[in-house]
Each structure stands twice: as C-alpha cells, then as structure tokens.
Amino acid sequence: MSENSPTIYIVEDEPLLHERILYYLKARGFKIVGSSISGDRAVKDILIGGIIPDVIVLDANLPMLDSTSFGKVIKSRYPHVKFIYLVSDDRDERKLAEVRKLGGIALKRPFPLSDMMSAIRSLTQT
C-alpha cells in the first residue's frame, strides 16, 4: 500500500477477531488510526477525540451501541467516512437496508479477511 492508503478504525468486541483484523490490515500496509473493543471507546475516539478515518470497520452487534445510529451520526458529521459492517445474520433486512443507505458494505461472519481488503478497496476507489 502506498502513503495514500485509506485510514482505518476498527470496532470489534471479540478479541481474537479484533486482533486478526488489526494484524491482517497492518501487514498489508493499511494505516490503522485507531481501534476499540467497545462502542463507547469508538464514540469517544471519533466524535470527541477527532480521529477521523476513511473507513470504519464496525461490529454490527456491539452491546450498548446501535451500529446504524452510530453510522448515521458519523456520516452527518463526516460524510466522507465509509463503513464496513460485520454482521452475524445477513437476513436482517432492516439492518442491511440501513447499511446500503449509509453507502456501506456488510460482511457476514465468518468471512475471509481478503474479503475485507476487497471491501475497503471498493469503498475507497476514486
């Protein structure tokens, strides 16, 4: 990846998957500007701390965080930010409709990490 690689923020509460995603993307040259295992921390980092990534990889089923509401708030403040939602059930049409409305991509677990890299590239191609 070049110096112009998209910046990524990861929000995933499952520690092993969180670490796998972090390691995989770093090893492929993506710039990770932050990561969190809690929605609260992500809110603080992005909305209060001013960490503004190009792409947020977001667990769609975090406890105590409505991922689609979070996405709407982020998009209203930072319209350029893109989302990859990690979903457990791709039959939840309401959630998938919200993901599409936000211009995001949903990846159903389990997924090959190469699919995440493809999704990032798809979202950030100019």
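The values are calculated or read from the model by the stated rules, or taken from the named source; none is laboratory data. It should be emphasised that the depicted structure is a prediction, and the values quoted were computed from it without experimental measurement. In this analysis, Cβ positions are derived from the backbone assuming ideal geometry, glycine residues included, and neighbour counts consider all displayed protein chains.
Scanning region 61-86 for residues that are over 21 Å from Ile48 (Cα atoms) and touching an Asp or Glu at 6+ places or on another chain (Cβ under 9 Å) yields Asn61, Tyr85, Leu86.
Please determine whether any residue of region 44-62 is of a type in the set (Lys, Arg) and touching a helix residue (DSSP H, G or I) at 6+ places or on another chain (Cβ under 9 Å). Scanning region 44-62, I find no residue that is of a type in the set (Lys, Arg) and touching a helix residue (DSSP H, G or I) at 6+ places or on another chain (Cβ under 9 Å), so the answer is no.
Do we have any residue at all in region 72-84 that's under 18 Å from Pro15 (Cα atoms), surrounded by 14 or more Cβ atoms within 10 Å (Cβ to Cβ) and out of contact with any Leu (no Cβ under 9 Å at 6 or more places or on another chain)? Looking for residues that are under 18 Å from Pro15 (Cα atoms), surrounded by 14 or more Cβ atoms within 10 Å (Cβ to Cβ) and out of contact with any Leu (no Cβ under 9 Å at 6 or more places or on another chain), one finds none in region 72-84, hence no. In the list Lys82, Lys75, which residue meets the criterion of being within 17 Å of Ala119 (Cα to Cα) and either in contact with a strand residue (DSSP E or B) (Cβ under 6 Å, 6 or more places away or on another chain) or not aliphatic (A, V, I, L, M) (or both)? Answer to the selection: Lys82.
Candidates Met1, Met64: the one that is over 26 Å from Arg100 (Cβ atoms), at pLDDT below 90 and either within 14 Å of the chain's Cα centre (by Cα) or surrounded by fewer than 21 Cβ atoms within 10 Å (Cβ to Cβ) (or both) is Met1. Here Leu25 fulfils each of the conditions (1) farther than 24 Å from Leu96 by Cα; (2) in a strand (DSSP E or B); (3) touching a Leu at 6+ places or on another chain (Cβ under 9 Å); (4) not aromatic (Phe, Trp, Tyr) apart from (2). The set of residues in region 29-48 being assigned to a strand (DSSP E or B) and at pLDDT below 90 is empty.
Tell me the residue from Ser118, Ser114, Ser35, Ser122 that is closer than 16 Å to Glu12 by Cβ and polar (S, T, N, Q), please.
Ser35
Of the strands (runs of 3 or more DSSP E) lying entirely inside region 49-112, those containing at least 2 residues that are under 13 Å from Gly39 (Cα atoms) and touching a residue at least 24 places away in the same chain (Cβ under 8 Å) are 55-59.
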